Amino acid sequence: MAASLHKENSLVRLFRWIYAGVDRTIFMGLKFTFPTRFVSPLGFLGMLTFVLFIILGISGALLMLWYEPILDRAWDSVENINDTIPYGFHLRNIHYHASNAMVMMAILHMYYQYFSGRYKIRNEILWVTGILIGVLTILEAFTGYDIIFSERAELAISIAASLTNSIPILGPDMRDAFFGSGFHDFVLRFYAFHVFFLPIALIGLMVVHFPRFLVFDVPMVMAITGAIMITGGVFPVDMGLKFDPNVPPGITVPEWYLTGLYAFLRSQYDKFVTGVAWPGLFIFTLLIIPFIDKYKKFSWKDRPLITAIGITSIAQIVVTTYWGFYIDPDRTKSLLDRLVIDPIFLYSVMILLVPLSFGFTYLMIKLAKNAEANAKLQPRKKESVITLPEKWIYFVLIALIAFQIYLNISAYYALLNGMKNISLFIIGIIMLVFAGMFHLYRHGRSIANNPPPPSIPQTERIRALQEKKRALLESNNGKPRLEASDNSLHPIKSNGILDKVLNVARKNKNSFEKMWNKD
Amino acid sequence: MSGQPQSRGDDRISRRDFLKLLAAAGTVLTFTPFVDWGKFLPNPSGSTTEKSKVQLPDGSQANVKTFKVNHSEAIIYPISDDPALNKEAFRTWQFIRLPVELGGDKNDASAFRVFSMVCLHLWCLWKYWPGEGRKRGECPCHGSMYDPVTGKAFAGPAALQSPPSNILPKLDLEADKDGYLWILPPNWNVNGNGIVGYGRFAA
């Protein structure tokens, strides 16, 4: 290629100069790893969450150009974005689904760090800032879906403000100070929180939260982006009904990350206890859990009590989340009868889940330890490796590029024909294909850098070695005189390929282990 | 400083500590005027010291002689020049003339009630239903019901809420000699006229 980095031209010198300047910044303190092979995404879920944050920042900034945070225009401006602004539909759907994905990623990230025990022993600050980031992320997502000011948004704002109101003594003043008075102020202020206050607080916390070792896996990032677009294509987010205070709202359910809280609110028990104290207690428990966890070991199998608490929390989150969604479909009953959850039923299920989860954890740990013991007795199975001949790598890459061209054209035609969700869907597929392509490219490169040992000895050199061996054997009257340590005649060992491969593998293994432990 | 030996062994304050105290006091005093800046946050538009007309949806001022008994209208208070703000639920009030059995036939301000239409439960807009057997405020969302005389919730989820969140905020009325109704300047406090969306303690 023309812009080779091996030749010293002025452009390369400019790049080098910039790179040398960046050396003085904090960014050089971060260790970025671009994995050269597929690694499990569980270890870098945090990075994926951050990537989603960036996607949300970009798509959100573009939406800001058209959104109007005014009481009677908010919904109409979103409708305008959705229906008439070119690519507005795409951006809105990306923004919406990325927000859900970010909350989901953050939760998965948290539970992975929890069960793998990485949250303690000098990682407490990472954990505590992470929990705060998680809370702010949910608030960010919440304020986001409120400022559409549809019927559902109005109910959500009402609940948020009346929960703030319900805080003893300070509540009404807090509501007045943070939200202003009336829906006009609420929409405007939720918007201000959504686009500035919360993101700036998130960025500040993220600076503290970033570990020094970061993994940026291009195919996984592209796959996540593609998945968001595909979801947007298949389940485009709707507008809801414009809020009209004189029209009673139908039954609406909040976003999935808040239905758990909603289930408690629907028990009709005291607003402050169910809506502020319970989630507050949950968040507080999460904040202090690394200081409670006194186990010396890290694996979930060696920390039964902590694992059981984690499993209990998951069980309770799942049950309340589903319960919050569930509304009695019997339309002959009154609205209130359909909505209200019997508090005794709800709380007894919550309590019943504790022994069940502890029992489940006990069972899982027993089973896992048994499996571990059995695995030690049996010979280790070889890892199965998919090896694609070099020629086929090229073929598949070219086929994927051709497929991408086809997809690009079809996405463009879908857009021209007004099939916005289909075009978004196809763009998602393009991202997935790119992820596959990048993975294949990476695979090909790693093969080129560390060629596998030649399995079929058909090269001239090896044939010559075999000749030599035969000659030696013959000169000894058919008796092999070679010592085990003599590698000179071994087809693989002779030129040090094996050592090289082993060294590379060892190095990779070390660096990955380091990465896992530090991430 | 605590690490430094005291020269005479008594507990007189050292010069350095004295200067530090002065600096701290100066810092506190420097920022004291800004404490009041907390008032930047709440919206001041609701507070007024003048009484204002009870303006009916048709633009006329409500009069005790013409307004029907056992009837209600939605009024806006405070009225803004901005039509968008006038759609604000928090500025919407239910103006009720009570039915006869509750004293609605008197030709003075005592026959009238003005309550915030924002339901204390989840802020839908309730309204007054004059029909026989109802004669109460009902919220369409979750069925909270309000007593039109006191503004107290007697049924539904709002009735289960602890005070002050079970009594609607109200506006005080005054009739002039021609029978026109005026809204007195409100005191937005839980012990006064109440806080919209939050409630009021019974007087």
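Looking across segment B:103-140, the residues that are under 19 Å from the mean Cα position of the chain (by Cα) and away from chain A (no Cβ under 14 Å) come down to B:PHE112, B:ARG113, B:VAL114, B:PHE115.
Among the residues of segment A:183-211, those that are more than 30 Å from B:ASP82 (Cα to Cα) and either of a type in the set (Val, Ile, Thr) or within 14 Å of chain B (Cβ to nearest Cβ) (or both) comprise A:ILE200, A:ILE203, A:VAL207, A:VAL208. Per the listing A:SER150, A:SER162, the residue uniquely away from every other protein chain (no Cβ under 14 Å) and touching a residue at least 60 places away in the same chain (Cβ under 8 Å) is A:SER150.
Annotation for segment B:141-149: at least one member residue is buried (at least 21 other Cβ atoms within 10 Å of the Cβ) and within 14 Å of chain A (Cβ to nearest Cβ). Within segment A:40-73, the set of residues being more than 30 Å from A:PRO219 (Cα to Cα) and modelled with pLDDT under 90 comprises A:ILE70, A:LEU71, A:ASP72, A:ARG73. Would you confirm whether any residue within segment B:89-102 is within 14 Å of another protein chain (Cβ to nearest Cβ), of a type in the set (D, E, K, R) and surrounded by 21 or more Cβ atoms within 10 Å (Cβ to Cβ)? Yes: segment B:89-102 contains one or more residues that are within 14 Å of another protein chain (Cβ to nearest Cβ), of a type in the set (D, E, K, R) and surrounded by 21 or more Cβ atoms within 10 Å (Cβ to Cβ).
Can you find, within segment A:67-84, the residue that is surrounded by the fewest Cβ atoms within 10 Å (Cβ to Cβ) among those that are more than 14 Å from chain B (Cβ to nearest Cβ) and in contact with a strand residue (DSSP E or B) (Cβ under 9 Å, 6 or more places away or on another chain)? Among those residues, the one meeting the criterion is A:GLU79. When restricted to residues that are hydroxyl-bearing (Ser, Thr, Tyr) and either assigned to a helix (DSSP H, G or I) or within 14 Å of another protein chain (Cβ to nearest Cβ) (or both), segment B:54-88 contains 3.
Residues are listed down the side, and each one gets a yes or a no for (1) free of Cβ contacts under 8 Å to residues at least 40 places away in the same chain; (2) surrounded by fewer than 18 Cβ atoms within 10 Å (Cβ to Cβ); (3) of a type in the set (A, V, I, L, M); (4) at negative phi:
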position: A:GLY182; (1), (2), (3), (4): yes, no, no, no
position: A:GLY204; (1), (2), (3), (4): yes, yes, no, yes
position: A:PHE210; (1), (2), (3), (4): no, yes, no, yes
position: A:PHE216; (1), (2), (3), (4): no, yes, no, yes
position: A:MET222; (1), (2), (3), (4): no, no, yes, yes
position: A:ALA227; (1), (2), (3), (4): no, yes, yes, yes
position: A:ILE230; (1), (2), (3), (4): no, no, yes, yes
position: A:GLY233; (1), (2), (3), (4): no, no, no, yes
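This table checks each residue for (1) of a type in the set (D, E, K, R); (2) within 14 Å of chain B (Cβ to nearest Cβ); (3) crowded, with 18+ Cβ neighbours inside 10 Å; (4) in contact with a helix residue (DSSP H, G or I) (Cβ under 9 Å, 6 or more places away or on another chain).
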site: A:ILE314; (1), (2), (3), (4): no, no, no, yes
site: A:PHE325; (1), (2), (3), (4): no, no, no, yes
site: A:LYS333; (1), (2), (3), (4): yes, yes, no, no
site: A:ILE344; (1), (2), (3), (4): no, no, no, no
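Can you pull out the residues in segment A:31-86 that are touching a residue at least 40 places away in the same chain (Cβ under 8 Å), within 19 Å of the chain's Cα centre (by Cα) and outside any helix (DSSP H, G or I)? Within segment A:31-86, A:PHE32, A:THR33, A:PHE34, A:PRO35, A:ARG37, A:PHE38, A:VAL39 qualify.
Just the residues that are within 14 Å of chain B (Cβ to nearest Cβ) and within 21 Å of A:VAL318 (Cβ to Cβ), please, taken from segment A:270-290. Matches in segment A:270-290: A:THR274, A:GLY275. Residues that are touching a Lys or Arg at 6+ places or on another chain (Cβ under 9 Å) and surrounded by 16 or more Cβ atoms within 10 Å (Cβ to Cβ) occur in segment A:53-66; there is at least one.
Restricting attention to segment B:155-190 and to residues that are more than 12 Å from every other protein chain (Cβ to nearest Cβ) and without any contact (Cβ under 8 Å) to a residue 12 or more places away in the chain, the residue that is farthest from A:ASP337 (Cα to Cα) turns out to be B:LYS177. Could you pull out the residue among A:GLY134, A:GLY180 that is within 28 Å of A:ARG266 (Cβ to Cβ), within 14 Å of chain B (Cβ to nearest Cβ) and either in contact with a strand residue (DSSP E or B) (Cβ under 6 Å, 6 or more places away or on another chain) or of a type outside the set (A, V, I, L, M, F, W, C) (or both)? Criteria check complete, one pass: A:GLY180.
All of A:TYR441, A:TYR412 fail the test of being surrounded by 14 or more Cβ atoms within 10 Å (Cβ to Cβ) and modelled with pLDDT of 70 or more, apart from A:TYR441.
The values are calculated or read from the model by the stated rules, or taken from the named source; none is laboratory data. All of these numbers come straight from a predicted model, not from anything done at the bench. So basically every Cβ, Gly included, is an ideal-geometry build from the backbone, and we count neighbours across all protein chains shown.
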